[in-house]
Structure formats: structure tokens, C-alpha cells
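The values are calculated or read from the model by the stated rules, or taken from the named source; none is laboratory data. Being a predicted model, the structure only gives us computed values, none of them experimental. A quick note on method: Cβ atoms are made from the backbone with ideal geometry, for glycine too, and the neighbour counts reach across all protein chains shown.
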Amino acid sequence: MNIAIVLSGGTGSRMGLDVPKQYIEVGGKPIIIYSMSVLELNSNIDAIQIVADEEWTSEIKSWCDKYEVASKIRGYSNPGANRQLSIYNALRDIKKYAKDNDVVIVHDAARPLVTMGLIDRSLDELPGYDGVIPVIPMKDTVYLSHTGDTIDSLLNRQEIFAGQAPETFVFGKYLAANQALVDSGEIEKINGSTEPAIKAGMKMHMIDGDERNFKITTKSDLARFMEMVKR
């Protein structure tokens, strides 16, 4: 079974909005529906677990019914204090219906331009590994600065990659990796979904990402997405 976790618990605080960015209407529908539509139509996705604040779940259910993307939803999970705790909450809920050798695919509702092809490649290239992450190579010169004020060293950009989503993992191993961080109290320090897997020694495979598959984090990101939808 391949289960998608859709992270939709963000508050939009970094954008200074009253409505979380993933619920803003663009092109006649909420942003969350864009990625939900791809997951719904992808034949490799068997189930969807949505992480969202309770005050939004009835609205999400209504949108999913309206846009006919609700058939694979298995449940809703509560957001945690940070992104990784939100994922952990979803993993614990998924454990009620998933097996250890099933696959979880972690995606952000605020990353609306994910493609069928990227999801399919993530799953196709998983055998032989414990997880798959799409990445974008660095094009610009990259510097290391401990202060953000002066340059300490020059990094080799050929060895630096930016991670994207969806991030794909063998369910049982990934749950155990997150549980270990919860038990040690380290999970609140985690910033990226793949960090727990790396800390646990899981074998992660990098594949080519997609530059169009950006995450809406700032107002300029939102403006960029709006322009792309208009085309």
C-alpha cells in the first residue's frame, strides 16, 4: 500500500495572512486541491492521510467533495508543534491500517505543482533503498557563514543539493526513526522530513527534482504561482 501524507497544518504566519496559504483560492480553487487532485488521480496512491487543524477539516472535506478528490482519504491527523511532529502524528494514525513494508509519501499542501511523473519516479526508484528524495542541484556559488555577516568558506556546489517533496519512505523504518527522535526529545529540532531517516541510517536515494515543484512560503512565491495558473 502506498499512502500519501498531505501536510496542511501550517498557519501562514510567515506570510502575515489571516488564512493559511494552502487554503487561499487561486484559479478558482484552494491551493490544497491542486496537489490533492494529482494524488487522487495517481493510480499508484492507495490512501491519503491529511494533517490539518480541526477548525479546517470540515472545510477541507467540503472542498474535496466538491472537486471530487475525496475517495482515497483515510483520515485526518492533528498538527504537531513543528512539521516533523505533524508527520509523526500522521504516522501513528497510519499505523492503524498500514503494514511495516508499506510506503509513505510525505507532501506539502503548499507545494501545488507536484506532477504525476515525480510521484511515479519516486515510487519506481524506491526498491533497493529505504527512501527516495527529489533534489535540485545548486546553480549558484554557495558560501558557508557562521554569522550571516562574513564568509567562512566556499562550498563545492557540485556536492550541494536542495531537497523537495514528496519524500518517500518505507513506512515501518520511517516510523521507527521518528519514534527514536521522540523518545530522545530530538524531534523538535528536525527541519526536514528526510533528517530522521538519515539519523537512523536509512539508505536514501536522490532523484532529479522539478524546479516548477516549488513550495509557497513567501508572498512572492504566491504571486509566482498565481501567474503560472493564469497561463
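Summary table
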read-out: Selection count where residues are over 15 Å from Gly209 (Cα atoms), acidic (Asp, Glu) and not in a helix (DSSP H, G or I), scope the range 116-162; value: 4
read-out: Test: residue in the range 153-163 that is more than 15 Å from the chain's Cα centre (by Cα), more than 26 Å from Trp63 (Cα to Cα) and of a type in the set (Ser, Thr, Tyr); value: yes
read-out: Residue satisfying condition, being of a type outside the set (A, V, I, L, M, F, W, C), more than 25 Å from Phe171 (Cβ to Cβ) and modelled with pLDDT of 95 or more, within set Ser43, Ser58; value: Ser58
read-out: Residue that is nearest to the chain's Cα centre (by Cα), among those in the range 68-82 that are at pLDDT 95 or above and of a type in the set (A, V, I, L, M, F, W, C); value: Ile73
read-out: Residues satisfying the stated conditions in the range 111-122, i.e. touching a strand residue (DSSP E or B) at 6+ places or on another chain (Cβ under 8 Å) and either among the hydrophobic types (A, V, I, L, M, F, W, C) or under 13 Å from Ala47 (Cα atoms) (or both); value: Val114, Leu118, Ile119
read-out: Among (1) under 17 Å from Gln179 (Cβ atoms); (2) part of a helix (DSSP H, G or I); (3) free of Cβ contacts under 8 Å to residues at least 40 places away in the same chain; (4) not polar (S, T, N, Q), the one test that Leu85 misses; value: (3)
read-out: Positions within the range 93-115 being touching a residue at least 60 places away in the same chain (Cβ under 8 Å), surrounded by 15 or more Cβ atoms within 10 Å (Cβ to Cβ) and outside any strand (DSSP E or B), in sequence order; value: Ile94, Ala98, Asp102, Ala109, Ala110, Arg111, Pro112, Leu113, Val114
read-out: Matching option when the condition is loosely packed, with under 15 Cβ neighbours inside 10 Å, among the aliphatic types (A, V, I, L, M) and more than 22 Å from Met36 (Cα to Cα), among Ile151, Ile190; value: Ile151
